[in-house]
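Structure record follows, encoded as structure tokens.
The values are calculated or read from the model by the stated rules, or taken from the named source; none is laboratory data. Please read these numbers as outputs of a predicted model, since none were measured by experiment. Here the Cβ is made from the backbone with ideal geometry for all residues, glycine too, and neighbour counts use every protein chain on show. For the accessible areas, the whole protein counts, side chains as well, though only heavy atoms, and no ligand, DNA or RNA atoms are used. Shrake-Rupley method; radii C 1.70, N 1.55, O 1.52, S 1.80 Å.
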Amino acid sequence: MRAAALAPDPGNWVDLDGNALDAWLTDRYALEGDRWLRLNMVTALGGEISGPSGTSEELAGGIDRPLLRVLRASGDVVLVGAASIRAGGYPLPRLAPLAVATTTGDLSGHALPAGTTPERLLVLCPPSAAARATATLGGIGTVLPLHGDPVADPALLLDALAAHGRSRIVCEGGGGIASRLFAAGLVDEFDQSIAPIVSSPGAPLTAGTVPLVSGRLRGLLRDGTDRLYARWTFPTRLR
Ligand SMILES: NC(=O)c1ccc[n+]([C@@H]2O[C@H](COP(=O)([O-])OP(=O)(O)OC[C@H]3O[C@@H](n4cnc5c(N)ncnc54)[C@H](OP(=O)(O)O)[C@@H]3O)[C@@H](O)[C@H]2O)c1
């Protein structure tokens, strides 16, 4: 797969696959510190996060799957919103556990493997939603109860994961949880894979009220399919 760095230092095209591509990406996406949240999502040119199928499948391509793998490996846990799990077919990370945020505990429609061990799947929900989460998951996973309202205070999600020894968080969306995290000032870095695609309607990256916040470009890659891969950092962590 052909790829080149455009920023911070423009580089020559490289042609890499497999472990060599992973190592090249790992270098370019290193993130310092032991307590951070990076959001990794693919978007169309208009910011849509899903295509005609209702998933991000049509937006995917180029080096974004290798990058997803590398970013997953950079953290202690992968965080997603419940709607993404309810849509089915969400792939479990190979190394880090998957944490699902839900207020309702309704995870029906999930297609997670029945043999998923308790440490591979964490459910973050209020105690009142725990029984429903366990039932709709068919008994798999570990519930981490949240004491408070995680919609009003999304930092509760991060605190629960930290208490579980998981402070380097890779959130993969969707837009509902991404918006809450942005609005609460909890996104340290937005790793945006930009597909050269115009399509609507599609699920939006942000929904509801997200106060204006400006990011800074930390890195930009391009690949042979004309996808761009931006690292946007957000300076203030408000929690
Ligand atoms: N392009 C990409 O990279 C990408 C990545 C992932 C998903 N997607 C797409 O995104 C779409 C789904 O996105 P979405 O915006 O509808 O939903 P989402 O963000 O996946 O999930 C929203 C749900 O997450 C839970 N949630 C959100 N914030 C929470 C908080 N602070 N505390 C506790 N729970 C919280 C709630 O679950 P309850 O309703 O259970 O309370 C909420 O309804 C799908 O089309 C999917 O294919 C795209």
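Here are the numbers for this structure:
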read-out	value
Distance between the range 29-67 and the range 111-188 - C-alpha centres, whole angstrom	19 Å
Descending semi-axes in Å of the range 1-143, equivalent ellipsoid built from Cα gyration tensor	32, 17, 14
Karplus (6.51, -1.76, 1.60) ³J(HN,Hα), θ = phi - 60°, over the range 186-198, in Hz, Gly and Pro reported as x	10, 8, 7, 8, 10, 9, 9, 8, 9, 7, x, 10, 10
From phi via Karplus (6.51, -1.76, 1.60), per-residue ³J(HN,Hα) for the range 22-37 in Hz, x at Gly/Pro	4, 5, 4, 5, 4, 4, 7, 10, 4, 10, 6, x, 10, 9, 8, 10
Surface accessible to a 1.4 Å probe, residue 132 within the full protein complex, Å²	120 Å²
FRET efficiency estimate (nearest 0.05) - Cβ-Cβ, residue 212 to residue 94, R0 45 angstrom	0.75
Where only C-alpha atoms are counted, convex hull volume of the chain per residue in Å³	119 Å³
Sulfur and carbon atoms: percent of accessible area, the chain [1.4 Å]	55 percent
Built amide H within the under 5 Å cut-off of residue 202, gap 5+	none
Residue 29 accessible area, 1.4 Å probe, all protein chains in place, Å² to nearest 10	10 Å²
log₁₀ of I(q)/I(0) at q = 0.10, 0.13, 0.15, 0.23 Å⁻¹ - the range 115-239, Debye sum with one point per alpha carbon	-0.42, -0.68, -0.87, -1.36
Radius 12 Å from Cβ of residue 146, net charge of other residues (Lys, Arg +1; Asp, Glu -1)	-3
Per-residue [θ]222 nm for the chain (sum of -39500 (n - 2.57) over DSSP H runs n ≥ 4, rounded to 500)	-6000 deg cm²/dmol
Fraction in percent of alpha-carbon pairs per bin - 10 Å, the range 43-91	21, 51, 28, 1
Most positive-pole-ward Cα, 23, 81, 230, against dipole of the chain from beta carbon charges	81
GNM flexibility winner over the chain from 114, 99, 73 (Cα, springs under 10 Å)	114
Accessible surface, 1.4 Å probe, highest first, among residues 45, 146	45, 146
Whole-number accessible area per residue in Å² for the chain, which is evaluated in the context of all protein chains at 1.4 Å	46 Å²
Accessible-area value, residue 36, 1.4 Å probe, nucleic acids and ligands omitted, Å²	10 Å²
Most positive-pole-ward Cα, 219, 121, 194, against dipole of the range 105-239 from beta carbon charges	219
Highest-MSF residue in the chain out of 74, 200, 84 [GNM, Cα springs under 10 Å]	200
Per-residue ³J(HN,Hα) for the range 103-117, Karplus 6.51 cos²θ - 1.76 cosθ + 1.60, θ = phi - 60°, Hz, x for Gly and Pro	9, 8, x, 7, 10, 5, x, 5, 10, 6, x, 4, x, 4, 7
By accessible area with a 1.4 Å probe, ligands and nucleic acids excluded, highest first: order of 48, 189, 58, 119	119, 58, 48, 189
Computed over the range 144-198: relative contact order in percent, which uses C-alpha pairs under 8 Å that are six or more apart	29 percent
